[in-house]
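The values are calculated or read from the model by the stated rules, or taken from the named source; none is laboratory data. Owing to the predicted nature of the structure, the values given are computational and were not obtained by experimental measurement. Quick reminder, even Gly has a Cβ in these numbers, built from the backbone with ideal geometry, and neighbours come from all protein chains shown. Each accessible area value is taken on the protein alone, full model and side chains, heavy atoms only, with ligands, DNA and RNA left out. Shrake-Rupley method; radii C 1.70, N 1.55, O 1.52, S 1.80 Å.
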Amino acid sequence: MLALMSGLRAEIRRLAPRRRVRGAARVLVVVTAMVLSLLADPPWAWAAVDIPTVINNLRDWIVGLLAGLATLFLTFGGLRYLMAGGDPGEVEASKRALKAAAIGYGLTILAPVLVTVLKGIVGADAGGGAP
């Protein structure tokens, strides 16, 4: 019985890299198909008319990403804190995650301010063009 189990383990170890390669190949094919389908006929909405529009779109993306990541960190930190069970190491790890969430929410709030400063530096508020 022991020889059978060790033989099965060896077979699983031998097949595991193939499964990883197949999985990675599937992901690569799906991502490539999505990118090609998006780039084949891009919608007119992708074309930005001027610099302020590009900066505003960039700000919206940054705010969305930061808020999503901060919410993810808040959720994981809260769950780790609830499941810590008094373990000091887990409590500290959960506190670090909650601090990261607070920093993420702070950056989310400050992103529009930073974009306004960037617009002032670039001169996008002045309207651009010839004098």
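Evaluate the following for residue 80: is it open to solvent by 80 Å² or more (accessible area, probe 1.4 Å), in contact with a Ser or Thr (Cβ under 8 Å, 6 or more places away or on another chain) and modelled with pLDDT of 70 or more? Yes: the conditions hold for residue 80. Cβ separations smaller than 7 Å between residues 6+ apart or across chains give the following pairs from segment 77-104 residues that are farther than 21 Å from residue 66 by Cβ to residues that are open to solvent by 80 Å² or more (accessible area, probe 1.4 Å): 90/80; 91/81; 93/80.
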